[in-house]
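Trainee: Before anything else, here's the structure in question.
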Amino acid sequence: MPFSFKLISSTIARLYGGSEVELDSVSRSAAAETGTAIPAEANDLYGFLPALSRRQFLQTLAASAAIGGFASAGAQANGLLPSASTPQRNPAVDAQRFSLNINGRQHSVNLEPHVTLLDALREHLGMTGTKKGCDHGQCGACTVLVNGRRINSCLTLAIMHAGDKITTIEGLGQPDQLGPMQAAFVEHDAFQCGYCTPGQICSATALLGEMAAGTASVVTPDLTSLQPIAFTDSEIRERMSGNLCRCGAYPNIVAAIREVHENDGQSAMRKSA
C-alpha cells in the first residue's frame, strides 16, 4: 500500500464525490494479495474512480501533501510535535567546565563537548591568530602545537586537551619580539596574503623538532641509517605538504625554514617546550 494511502484516498474520494470507506476497503484487499497483480475490478484506481490524467494525478498529490502539511503544523501548534525551529537540548551534551593550558597560561572554559579546539581558541578565547580555512583538516591553516607536536585544531575537540600543553602562533612570538621562525618568514617574504602563515609557522616549528628527533618521512632515503636525516629541500617540502599556500609562496617558505635550521633549529622548539 502506498505511503499515507488513506490520506490520499480520502482526498481523491472527496474530489470526485465518492466514499472514502469504499475506496479504502478495495485498497486493503488489493494490498493483501502480496506479489500478485491488482484484480481487474480494481483497475482505474481500484475500480472506484475513473482513470486519472497526468494533470489530475499531480493535482491530487499536491492536495494530499497540503493536507498533510496542515495536519503537521496543527500538531506542532498544539504541542504534539516539536517545532523544527525549536532546538532540542540533550542533557548529555551540556557545557562542561575545564582548563586549557595555552601558551603557558591556564584558561578556564565552559564549553560543550563537541566544540573543536579551533573554535575554542577563536570564538571563546579570542586567540584569532589560528585561522579557520577549510575546517576539514585539509589546508593546515589551523595548525597548532600540542605537547610539541603539530595537529589540525579543527579536527580535535577542545575537551580532549585538558591538561595538554598547547602552543599557538601567539605563543611563538609577538610583533615586538618575533620568534626565529617568524623573523625568517618576514626576511624571506615567505607569505603574501598571510592567512595561512600562522599554520605554516607552527608546522615549520614542529618540523625542526621532528628532524632533530630523527623522525623519517616518505622521502627519507634510508630508514635503517643511524645517521641524522639530511635536511634537504625535498624533506622540507614533504613535511610541509599538509600546509597549503594559495599565494604560492612555497620556495620562500622552504628558504625560511632552512635558514632557521642552519642558524639554530632548536631555538624555535624551545619556544614551544
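Trainee: In which sequence would 244, 58, 155, 172 go, from the one with the fewest C-beta neighbours within 10 Å to the one with the most?
Mentor: Exposure proxy ranking, most exposed first: 58, 155, 244, 172.
Trainee: Bin by bin, in steps of 5 Å, what percent of the Cα pairs in the range 170-272 do you find, going until the bin that has the longest distance?
Mentor: So the P(r) values, bin by bin, are 2, 13, 25, 25, 19, 10, 4, 2, 0.
Trainee: Set the Förster radius R0 to 35 Å, insert the Cβ-Cβ distance between residue 155 and residue 225 as r into 1/(1 + (r/R0)^6), and round the FRET efficiency to 0.05.
Mentor: Once rounded, the FRET efficiency stands at 0.60.
Trainee: Based on other C-beta atoms within 10 Å, arrange 116, 156 from fewest to most.
Mentor: With the sparsest Cβ surroundings first, the list reads 156, 116.
Trainee: For 105, 150, what ranking results if the residue with the fewest other Cβ atoms within 10 Å of its Cβ goes first?
Mentor: The fewest-first ordering by Cβ neighbours comes to 105, 150.
Every number here is computed from the coordinates shown, using simple stated rules; none is lab data. As the structure is a prediction and not an experimental result, all values here were calculated from the model. Please note: Cβ atoms are built from the backbone with ideal geometry, for glycine as well, and neighbour counts cover all protein chains shown.
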